[in-house]
Amino acid sequence: ATKQRAQQITQALQVPEVQPCLRHIELLEAGTTSFSDQLVKSCGTAKWGDSICVGNLFMSPNMKQVYTYFKVYAANQVATTRILVGNLFQDFYRTCETTLPTIPGTFKEKLAYPKGHPDKYITFLRQLLELTPADHKDHAQIVEAIKLVEVVVGDLDNEVRKKRNFEKLLEIQDSLTTGGLLSSTNPTIDSLASRARTFIKEGDMKKVCRNKNKTYRFWLFNDQLIYGEQHSGNSNNFT
């Protein structure tokens, strides 16, 4: 990379969400590997008999820490992905697409893959619960483990939903501010990307005019309705 491009890459990686996301990729890899090893070791040591209990492993202090890693990763992954799919990281993106063949999908989908692990834990625990007699000492622990992981999954879904909403607000704000007429002059647009605002729906509507029909893009939020006209033939910019 040229010096200028290297500076741009460095600056892009200073976005507050990037460092926690990358750091927690490593923490998740170490944490989930350690948990899997512990689970296999526990089952192997007991030689899979009636006395074995695994529900408690999903509620151990170490595993609760791993759940925290999942939450932090989920809270920062969407913003990090937005940066990594940009022009600055095209070569890196293509390399990752081809060097992670065991994980299906695009690199963007691969980055979202870790968030699905807690769902797999729940599936495993529910199947295990069906095969565990109600009077078995592990039955109650499995039930509690399912409740705990369900809370984690709910928190993850909520975090991802909030982040995707904010990213959508940033996208809309950018499409309006780069259109020209609203750039840094309209406080409503400049403050559009607010974490307190929820994007609901968008769509195009045509205004029938005498000479030529005009198409307007409408954005509906929980607190306001905004519309704009396509700017200079660019389908991504509006005024």
- For segment 142-150, state whether one or more residues are modelled with pLDDT under 85, small (Gly, Ala, Ser) and out of contact with any Asp or Glu (no Cβ under 7 Å at 6 or more places or on another chain). no
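Tell me whether segment 46-58 contains one or more residues that are open to solvent by 50 Å² or more (accessible area, probe 1.4 Å), aliphatic (A, V, I, L, M), in a helix (DSSP H, G or I) and within 30 Å of residue 132 (Cβ to Cβ).
Let us first name the residues in segment 46-58 that are open to solvent by 50 Å² or more (accessible area, probe 1.4 Å), namely 47-48, 50-51, 56.
From what is left, the residues that are aliphatic (A, V, I, L, M) are none.
No, there is no match, as no residue in segment 46-58 is open to solvent by 50 Å² or more (accessible area, probe 1.4 Å), aliphatic (A, V, I, L, M), in a helix (DSSP H, G or I) and within 30 Å of residue 132 (Cβ to Cβ).
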- Members of segment 97-113 that are surrounded by fewer than 17 Cβ atoms within 10 Å (Cβ to Cβ), in contact with a Phe, Trp or Tyr (Cβ under 6 Å, 6 or more places away or on another chain) and either assigned to a helix (DSSP H, G or I) or on the phi > 0 side of the Ramachandran plot (or both): 97
- Task: Looking for whichever is in contact (Cβ under 8 Å) with a residue 24 or more places away in the chain and of a type in the set (D, E, K, R) here; the options are 195, 217, 210. Which one fits?
- Result: 195
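Filter segment 149-158 down to the residues that are closer than 12 Å to residue 68 by Cα and touching a residue at least 24 places away in the same chain (Cβ under 8 Å) and list them by number. If you could, list the steps in order and put the result at the bottom.
Just the residues of segment 149-158 that are closer than 12 Å to residue 68 by Cα, to begin with: 149, 151-153, 155-156.
Across segment 149-158, the qualifying residues are 149, 152, 153, 155, 156.
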- Query: Scanning segment 65-83 for residues that are surrounded by fewer than 17 Cβ atoms within 10 Å (Cβ to Cβ) and without any contact (Cβ under 8 Å) to a residue 40 or more places away in the chain, which turns out farthest from residue 2 (Cα to Cα)?
  - Reply: 65
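Considering only helices (runs of 4 or more DSSP H) fully contained in segment 114-233, which possess at least 1 residues that are open to solvent by 70 Å² or more (accessible area, probe 1.4 Å) and closer than 30 Å to residue 58 by Cβ? It would help to see each step written out before you state the result.
Values: elements: 117-130, 139-177, 187-190.
It comes to 117-130, 139-177.
Give segment 76-97 a look and list any residue that's within 14 Å of residue 20 (Cβ to Cβ) and in contact with an Asp or Glu (Cβ under 7 Å, 6 or more places away or on another chain), or say none. Lay out the reasoning, then the answer.
So the first thing to find is which residues in segment 76-97 are within 14 Å of residue 20 (Cβ to Cβ), and the list is 76-81, 83.
If the condition is that a residue be within 14 Å of residue 20 (Cβ to Cβ) and in contact with an Asp or Glu (Cβ under 7 Å, 6 or more places away or on another chain), then 76, 78, 79, 80 are the ones that fit.
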- Filter result for residue 15 (surrounded by 10 or more Cβ atoms within 10 Å (Cβ to Cβ) and part of a loop (DSSP other than H, G, I, E, B)): yes
- The listed residue being of a type in the set (Gly, Ala, Ser) and without any contact (Cβ under 8 Å) to a residue 12 or more places away in the chain, out of 86, 55, 116: 116
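Specify which of the listed residues (5, 23) is part of a helix (DSSP H, G or I), within 30 Å of residue 59 (Cβ to Cβ) and among the charged types (D, E, K, R). Break it down into steps so the answer makes sense when it comes.
Working: 5 fails: within 30 Å of residue 59 (Cβ to Cβ).
Result of the check over 5, 23: 23.
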- Would you check if residue 94 is open to solvent by 70 Å² or more (accessible area, probe 1.4 Å), over 23 Å from the mean Cα position of the chain (by Cα) and either under 30 Å from residue 13 (Cβ atoms) or free of Cβ contacts under 8 Å to residues at least 40 places away in the same chain (or both)? no
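The values are calculated or read from the model by the stated rules, or taken from the named source; none is laboratory data. Keep in mind that this is a model prediction, so the values were computed, not measured. When we count neighbours, we look across all protein chains shown, and the Cβ atoms used for this are built from the backbone with ideal geometry, even at glycine. To get the accessible areas, we keep the full protein, side chains included, count just its heavy atoms, and leave off ligands, DNA and RNA. Shrake-Rupley method; radii C 1.70, N 1.55, O 1.52, S 1.80 Å.
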